[in-house]
Amino acid sequence: MIILKTGQEIAKMRRSGEIVASVLKRIGEVARPGVATSHLDKIARRMMKESGGEPSFLGYKGFPASICTSINEVVVHGIPGDRKLSSGDILSVDVGVKLDGYHADAATTFVIGDVPDSAKKLIDVTKDAFFAGLDQARTGNRLGDISWAIQNYVESHNFSVVKVFVGHGIGTQMHEEPEIPNYGRPNSGPLLKEGMVLAIEPMVNEKKAEIEILEDGWTAVTVDGGLSAHYEHTIAITDEGARILTE
Ligand code: MG
């Protein structure tokens, strides 16, 4: 069942979303060559605590950190640790915060030092694919319109959408219905309604779509070693169109 949110609930999620946005902004400032991903996790955790929120991811199915840090060929769910960032890396950071009972979730891929234009293009296409999907997030459309717009945009740039991970509804639970695949057919799936709050999150691979999970049970990597980028916002569907809650 897709749980519709009231204006009051959306306002609460906006407050969780503001924390998410400020954490991502700070991480973007701090992430430089030589900085360990565990340091970014520490900063995120402290910021969440200071703002009265809690990390949505810490302890989720046993996840050991407050944010996900996914470098280069890591698609999602990278665990922060001792690894230091190097110039030329791309770093996807996924942040979830629960405040006053409501979650918000967003992700961005950052460039570290000098990265090749091909990597920048992957990051840009991933972000623009999110906005292509967002354009379709309005009452009267169907969920498949969002999915199709993302897939179409990505594939028109000769990149691949990851299929095994999907976006999701969000609210008092971090993952609610519906699932939002980054591929699909237009005019299919549930009708979009006012009060739906969705985490739309294209995950885009430079080469093939296939991924595998490393032995830690979390880290998802591209099978062919190609780069992967991620871009996500939590958005609310209102009668005036879609509203991003995590910026
Ligand atoms: Mg998400």
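How much solvent-accessible surface does Val164 expose, in Å² to the nearest 10, with a 1.4 Å probe and all protein chains in place?
Its accessible surface works out to 100 Å², give or take rounding.
Report D for segment 154-242 in µm² per second (integer): Stokes-Einstein, Kirkwood Rh on Cα pairs, 10 °C, 1.306 mPa s. Let's see the in-between values first.
Values: Rh = 14.5 Å.
Estimated via Stokes-Einstein, D reaches 110 µm²/s.
List, in the order given, every pair from Lys42/Lys163; Lys98/Lys121; Lys127/Lys193; Lys12/Lys208; Lys25/Lys121 whose Cα-Cα distance in the structure shown is over 29 Å. Intermediate values should be presented prior to the final figure.
Numbers: Lys42/Lys163 31 Å; Lys98/Lys121 32 Å; Lys127/Lys193 24 Å; Lys12/Lys208 39 Å; Lys25/Lys121 21 Å.
Long pairs (Cα-Cα over 29 Å): Lys42/Lys163; Lys98/Lys121; Lys12/Lys208.
Just the Kirkwood number for segment 34-161, please: inverse of mean 1/r across all distinct Cα pairs, in Å, one decimal.
So the Kirkwood estimate lands at 16.2 Å.
Can you tell me which of 49-56, 183-190 comes out highest on packing, and rank the rest after it, using the mean Cβ neighbours within 10 Å?
Ranking, from highest mean packing down: 49-56, 183-190.
Using all alpha carbons of the chain, what is the percent of pairwise distances in each 10 Å bin, ordered from the shortest bin to the longest?
Using 10 Å bins, I get a P(r) of 8, 34, 37, 18, 2 for the chain.
Based on alpha-carbon centroids, what's the gap between segment 185-247 and segment 84-119 in Å, whole number please?
When both Cα centres are located, 14 Å separates them.
Calculated FRET efficiency, Lys49 and Lys121, Cβ-Cβ r, R0 45 Å, to nearest 0.05?
On the way: r = 37 Å, r/R0 = 0.82.
With a Förster radius of 45 Å, E is 0.75.
Rounded to whole Hz and in sequence order, give me ³J(HN,Hα) for segment 178-187 from the Karplus expression 6.51 cos²θ - 1.76 cosθ + 1.60, θ = phi - 60°, writing x for Gly and Pro.
Running phi through 6.51 cos²θ - 1.76 cosθ + 1.60 with θ = phi - 60° gives x, 6, 10, x, 8, 8, x, 10, x, 6 Hz.
Which of the peptides 172-178, 89-95 is most tightly packed, and how do the rest follow, going by the mean number of other Cβ atoms within 10 Å of each residue? Walk me through the numbers on the way to the answer.
Working: 172-178: 16.0, 89-95: 24.4.
Ranking, from highest mean packing down: 89-95, 172-178.
The values are calculated or read from the model by the stated rules, or taken from the named source; none is laboratory data. These figures come from a predicted structure and were not determined experimentally. Cβ: placed from backbone, ideal geometry, glycine included. Neighbour counts: every protein chain shown. Surface accessibility is based on the protein's heavy atoms, side chains included, excluding ligands, DNA and RNA. Shrake-Rupley method; radii C 1.70, N 1.55, O 1.52, S 1.80 Å.
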